[in-house]
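Participant: Quick one: structure below, then a few questions.
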Amino acid sequence: MFLEEIGRIAKIFKSLIKEKRVRIFSHLDADGICSASIISKTLIREGTNFELKILKQLTREEIKNLRIRESDFLVLTDFGSGQLDLLRDLLDRAQVLVIDHHESKAIEHLNLFHLNPLIFNEEEISSSMVSYLFAKSVDIKNADLIDLAIVGAVADEQDEKWEFRGLAKRILEEAETIGKIVVTKGLRLYGRITKPIHKTLEHSFDPIIPGISGSESNAVQFLSELGIAVREDDEWKRLKDLTLEEQKTLASAIIIERLRSKHSDAEDIFGDIYTISGRPEELQDAREFATFLNACGRFGKADIGIRICLGDLEAVSDALCVLEEYRKLIGEIINWIRENEAILTKDFGVYLFGKNFIPETLIGTITSILLNSNLIDTNKPIFGFAETDSGEVKVSARVSRDFKLINLGKIVSDASRQVEGEGGGHVSSAGALIPKGKEDKFVQAIEDMLGETFGKRER
Ligand code: C5P
């Protein structure tokens with residue numbers, strides 16, 4: 001049904017775009033940037049002019065400012081499903097295609113074309129993957145955009161423990177068949193191409209390397225004890241530069257460290273590595289490509305992200321600069337959190353008060369990092385707060401995927417409503433915008449809800 005609907009809407013889209021003013025609006029994270037790039041490339045190939053804007057979120061305010069014309073055809077990617085009730089008036093005046101994978105309100109309208117696997121009772125795939133299936137239905141030559149589908153999906157952590165399942169896995173296999181992606185097994189470590197290896201080890205919290213995660217000096221010593229040089233030809237060595245023998249030595253040593261600290265799944269350190277062909281070296285690892293895009297989006301440089309997706313080679317060096325600044329700022333924020341006791345641990349949740357130090361665009365990334373760190377009790381959900389430029393408070397919530405007993409999207413949505421805010425999201429990742437000054441009430445609402453679920457369980 002879902003695939004049939006994609007085909008049906010693709011046909012309508014092809015004829016409509018010829019006579020309409022096409023405007024794409026997309027979310028600023030890597031999945032949003034990949035989705036927007038796939039749709040943009042599709043339109044370029046169809047010879048259609050269009051406008052593209054990347055937004056932090058599709059809020060009531062943004063929708064009000066759209067200046068809709070009767071001739072508009074809007075494409076919303078990686079948001080829209082959760083905001084359909086805000087789009088009601090707009091739908092009376094213009095046609096809207098929503099390509100999304102967030103929880104949706106059941107709204108039907110003659111002018112609404114809605115592609116979201118969840119409303120067809122399909123398993124979730126990223127917006128980039130839905131965009132890809134759609135683009136391929138518009139024209140089979142768009143099949144070459146499949147690498148962007150994979151990059152958006154890994155960015156949204158759709159491949160739990162670095163392995164895709166279901167429809168997403170079928171898309172990955174298709175990418176392998178057409179030679180766009182090579183899948184290999186490797187260490188589940190981030191930064192294979194762009195980070196010095198000791199930094200990769202220092203920053204690894206899932207899998208955790210006891211005694212080494214979180215400590216640069218221990219990481220360097222660990223490598224030297226294994227006889228793996230951290231520098232070669234005056235350059236830092238990266239995971240990618242290790243010989244097969246060195247990789248095996250490193251993997252065994254990590255497992256031994258994990259066994260020594262009695263990890264139940266000590267050998268669970270491997271996962272699928274996706275290597276993209278036909279892209280510059282820096283973008284060949286799908287996970288690092290995703291990190292580039294996230295950095296660009298969250299730094300207000302989404303245009304650079306779009307350019308690298310569309311194959312503009314000159315944008316790669318700009319993206320490298322953005323990534324460097326991004327990593328530096330993340331480091332500063334983590335230090336600030338440590339020094340300012342910004343974390344409050346309550347009975348059922350962990351709360352991070354970012355005030356106006358943590359940018360609203362980074363609070364989600366920071367809560368995700370904390371959830372994979374030794375800085376908080378990772379057995380509880382975490383809720384981060386950051387003040388926005390418009391005087392509200394952005395909330396980002398994350399919970400470990402092993403924590404299957406709650407639906408964070410629903411909890412955040414209910415708590416937001418109690419404080420006159422708006423929010424929602426997925427089972428293990430959610431967000432909201434709430435009025436400033438309502439943080440305590442929001443925290444209490446969350447504690448009450450979680451208490452109802454877990455209070456009796458003596459957690
Ligand atoms: O912004 P953040 O990354 O924390 O958002 C996590 C999830 O919650 C995203 O999938 C986002 O779309 C959703 N969200 C939402 N409503 C908001 C903010 C975020 O549904 N106001």
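Participant: Of everything in the stretch 428-445, what is more than 13 Å from ILE382 (Cα to Cα) and within 12 Å of the ligand (Cβ to nearest atom)? Give them in sequence order.
Facilitator: ALA432, LEU433, ILE434, listed by residue number.
Participant: For the stretch 108-126, give me each residue that is surrounded by 15 or more Cβ atoms within 10 Å (Cβ to Cβ), of a type in the set (A, V, I, L, M, F, W, C) and assigned to a loop (DSSP other than H, G, I, E, B).
Facilitator: ILE125
Participant: Kindly evaluate GLU360 against the criterion of being crowded, with 17+ Cβ neighbours inside 10 Å and either within 12 Å of the ligand (Cβ to nearest atom) or in the same structural domain as GLY211 (by TED's automatic domain parsing) (or both).
Facilitator: Details: crowded, with 17+ Cβ neighbours inside 10 Å: yes; either within 12 Å of the ligand (Cβ to nearest atom) or in the same structural domain as GLY211 (by TED's automatic domain parsing) (or both): yes.
Judged against the criteria, GLU360 is a match.
Participant: For the stretch 93-144, enumerate the residues that are of a type in the set (Asp, Glu), at pLDDT 95 or above and within 27 Å of SER71 (Cα to Cα).
Facilitator: Applying the first criterion (of a type in the set (Asp, Glu)) to the stretch 93-144 yields 100, 103, 108, 122-124, 139, 144.
Remaining after also requiring at pLDDT 95 or above: 100, 139, 144.
Within the stretch 93-144, ASP100, ASP139 meet the criteria.
Participant: For the stretch 156-213, what are the residues that are part of a helix (DSSP H, G or I) and either of a type in the set (Phe, Trp, Tyr) or within 30 Å of GLU235 (Cα to Cα) (or both)?
Facilitator: Selection gives TRP162, ILE197, HIS198, LYS199, THR200, LEU201, GLU202.
Participant: Out of ALA143, ALA135, report the one residue that is away from the ligand (no atom under 16 Å from the Cβ), small (Gly, Ala, Ser) and surrounded by 23 or more Cβ atoms within 10 Å (Cβ to Cβ).
Facilitator: Selected residue: ALA135, the only one of ALA143, ALA135 that is away from the ligand (no atom under 16 Å from the Cβ), small (Gly, Ala, Ser) and surrounded by 23 or more Cβ atoms within 10 Å (Cβ to Cβ).
Participant: For the stretch 400-411: of the residues being of a type in the set (Lys, Arg) and within 16 Å of the ligand (Cβ to nearest atom), which is surrounded by the most Cβ atoms within 10 Å (Cβ to Cβ)?
Facilitator: LYS410
Participant: Next question. Answer with yes or no whether ILE369 is at pLDDT below 95, within 22 Å of the chain's Cα centre (by Cα) and either within 20 Å of LEU28 (Cβ to Cβ) or aromatic (Phe, Trp, Tyr) (or both).
Facilitator: yes
Participant: Same structure, new question: Mind checking whether some residue in the stretch 11-19 is in the same structural domain as GLU70 (by TED's automatic domain parsing), assigned to a strand (DSSP E or B) and either among the small types (Gly, Ala, Ser) or more than 17 Å from ALA94 (Cβ to Cβ) (or both)?
Facilitator: no
Participant: Further, regarding this structure: What number of residues within the stretch 437-455 satisfy the criterion of being free of Cβ contacts under 8 Å to residues at least 40 places away in the same chain and outside any helix (DSSP H, G or I)?
Facilitator: 1
Participant: Further question on the same structure: Which residue pairs have Cβ atoms closer than 8 Å, lie 6 or more positions apart in sequence or on different chains, and pair a first residue in the stretch 113-137 that is under 16 Å from GLY32 (Cβ atoms) and touching a residue at least 60 places away in the same chain (Cβ under 8 Å) with a second residue that is in a helix (DSSP H, G or I) and acidic (Asp, Glu)?
Facilitator: Matching pairs, first to second residue: LEU115/GLU5; SER126/ASP31; SER127/ASP31; SER128/ASP31.
Participant: Still on this structure: In the stretch 416-427, what residues are near the ligand (Cβ under 6 Å from one of its atoms) and either touching a Gly at 6+ places or on another chain (Cβ under 8 Å) or under 19 Å from PHE403 (Cβ atoms) (or both)? Spell out the reasoning first.
Facilitator: Taking the stretch 416-427 and keeping what is near the ligand (Cβ under 6 Å from one of its atoms), we get 422-426.
Scanning the stretch 416-427 gives GLY423, GLY424, GLY425, HIS426.
Participant: While we're on this one: Would you point out which residue out of ILE273, ILE256 is at pLDDT 90 or above and within 11 Å of LEU187 (Cβ to Cβ)?
Facilitator: Among ILE273, ILE256, only ILE273 is at pLDDT 90 or above and within 11 Å of LEU187 (Cβ to Cβ).
Participant: In addition: Any idea which of GLN57, GLN83 is closer than 29 Å to ASP389 by Cβ, within 16 Å of the ligand (Cβ to nearest atom) and part of a loop (DSSP other than H, G, I, E, B)?
Facilitator: Result of the check over GLN57, GLN83: GLN57.
Participant: Further question: Identify, by number, the condition in (1) part of a helix (DSSP H, G or I); (2) crowded, with 20+ Cβ neighbours inside 10 Å that ILE434 doesn't meet.
Facilitator: Unmet for ILE434, out of (1) part of a helix (DSSP H, G or I); (2) crowded, with 20+ Cβ neighbours inside 10 Å: (1).
Participant: Return the only residue of GLN247, GLN221 being of a type in the set (S, T, N, Q), closer than 30 Å to SER126 by Cβ and not in a loop (DSSP other than H, G, I, E, B).
Facilitator: GLN247
Participant: As an exercise: evaluate VAL322 against (1) part of a helix (DSSP H, G or I); (2) modelled with pLDDT of 95 or more; (3) over 30 Å from ASN142 (Cα atoms) and give the number of the one condition it does not meet.
Facilitator: (3)
Participant: Further question on the same structure: Within the stretch 195-218, is even one residue under 18 Å from ILE273 (Cα atoms), surrounded by 20 or more Cβ atoms within 10 Å (Cβ to Cβ), charged (D, E, K, R) and in contact (Cβ under 8 Å) with a residue 12 or more places away in the chain?
Facilitator: Yes, the stretch 195-218 has at least one match.
Participant: Report the residue count in the stretch 250-283 for those that are touching a Leu at 6+ places or on another chain (Cβ under 7 Å), in contact (Cβ under 8 Å) with a residue 60 or more places away in the chain and not in a strand (DSSP E or B).
Facilitator: Total meeting the criteria: 4.
Participant: Among the residues of the stretch 372-399, how many are away from the ligand (no atom under 15 Å from the Cβ) and among the hydroxyl-bearing types (Ser, Thr, Tyr)?
Facilitator: Residues in the stretch 372-399 being away from the ligand (no atom under 15 Å from the Cβ) and among the hydroxyl-bearing types (Ser, Thr, Tyr): 2 in total.
Participant: Might you let me know whether the stretch 416-426 holds any residue that is within 24 Å of ILE369 (Cβ to Cβ), surrounded by 17 or more Cβ atoms within 10 Å (Cβ to Cβ) and hydrophobic (A, V, I, L, M, F, W, C)?
Facilitator: Checked the stretch 416-426: no residue is within 24 Å of ILE369 (Cβ to Cβ), surrounded by 17 or more Cβ atoms within 10 Å (Cβ to Cβ) and hydrophobic (A, V, I, L, M, F, W, C).
Participant: Give the number of residues within the stretch 87-107 that are crowded, with 18+ Cβ neighbours inside 10 Å, within 13 Å of the ligand (Cβ to nearest atom) and touching a residue at least 24 places away in the same chain (Cβ under 8 Å).
Facilitator: Residues that pass the stated criteria total 4.
Participant: Sticking with this one: Can you spot a residue in the stretch 367-383 that is within 30 Å of GLU62 (Cα to Cα) and of a type in the set (D, E, K, R)?
Facilitator: Checking the stretch 367-383: not a single residue is within 30 Å of GLU62 (Cα to Cα) and of a type in the set (D, E, K, R).
Participant: Report the residue count in the stretch 37-88 for those that are more than 28 Å from VAL412 (Cβ to Cβ), of a type in the set (D, E, K, R) and either touching a Gly at 6+ places or on another chain (Cβ under 8 Å) or at pLDDT 95 or above (or both).
Facilitator: Going through the stretch 37-88 one residue at a time, the tally reaches 5.
The values are calculated or read from the model by the stated rules, or taken from the named source; none is laboratory data. Predicted model only: the values in this text are computed from it and were never measured. Neighbour counts run over all protein chains shown; Cβ positions are idealised from the backbone, glycine included.
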